[in-house]
Amino acid sequence: MGQPEFCHLHVHSEFSLLDGACRIDSLVRAARREGMRALALTDHGNLFGAIEFYQTALKEGIKPILGCEVYVAPRSRHDRKDAHGGREAATHLTLLVRNETGYHNLLKLATIAYREGFYYKPRIDKEVLAENAEGLICLSACLKGEVAYLCERDRIAEAVNVARWYADLFPDRYYIELQENGLVEQARANKGLLEVAREVGLPLVATNDCH
């Protein structure tokens, strides 16, 4: 058997405004140079780079995986109160397009986030996510994801309940996201995330949160 293949599934480009520094053309060329056959784009809260990324990836012989790292309001998308005392008022969630239905649903979610949920960031909520989950694959996101946030603070029982909700919403399409970035907080979160994955019976996926 050959070596298992790796592709980046959590990637931010220049379209993650004031955050990502990766240019799409350079990003795709780097993936090709490393021998990767697929690459995802998951910009923060938007799909502004989706068409350019899709077309560029195909030209370079890379399978494009469209996605978005969405901001999820802690309660309703119409609620302007914060989740954890900071200005962000949202947790993160990584969504990847599985098929054409998923693409249209992700477009709808991104639009609703700007038109109905905007508060510092474009936000959705669990209600509208549940209405548009078909055709999407869900990853638990970075340290700012709800499950990782709870795990990092050793609130495992709460994290298990949240993970079960997502697992029910995305049957066989919800993955616990593990990252290795050298942060002490990430190491704490990873320990809890592994515990949650075992408890709920969820698959794991390794990502890098590239910016």
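The values are calculated or read from the model by the stated rules, or taken from the named source; none is laboratory data. Computed from a prediction, not measured in an experiment: that's the story for all the values here. Heads up, the Cβs are rebuilt from the backbone with ideal geometry, glycines too, and the neighbour counts pull from every protein chain shown. Areas reflect the complete protein model, heavy atoms only, side chains present, ligands, DNA and RNA absent. Shrake-Rupley method; radii C 1.70, N 1.55, O 1.52, S 1.80 Å.
Of note:
- Within region 178-211, the residues that satisfy the criterion of being touching a helix residue (DSSP H, G or I) at 6+ places or on another chain (Cβ under 9 Å), of a type outside the set (D, E, K, R), within 17 Å of residue 92 (Cβ to Cβ) and not in a loop (DSSP other than H, G, I, E, B) are 178, 179, 186, 189, 190, 192, 193, 196, 210.
- Failed item, numbered, when residue 177 is tested on (1) within 21 Å of residue 11 (Cβ to Cβ); (2) open to solvent by 40 Å² or more (accessible area, probe 1.4 Å); (3) of a type in the set (Asp, Glu): (2)
- First in region 7-27 and aromatic (Phe, Trp, Tyr), second anywhere and part of a loop (DSSP other than H, G, I, E, B), Cβ under 6 Å, 6 or more apart: 15/43; 15/48; 15/49
- Qualifying residue in region 129-143 (condition: more than 27 Å from residue 109 (Cα to Cα) and open to solvent by less than 40 Å² (accessible area, probe 1.4 Å)): no
- Residue 175 falls short on exactly one of the conditions (1) assigned to a helix (DSSP H, G or I); (2) touching a Pro at 6+ places or on another chain (Cβ under 9 Å), and that condition is (1).
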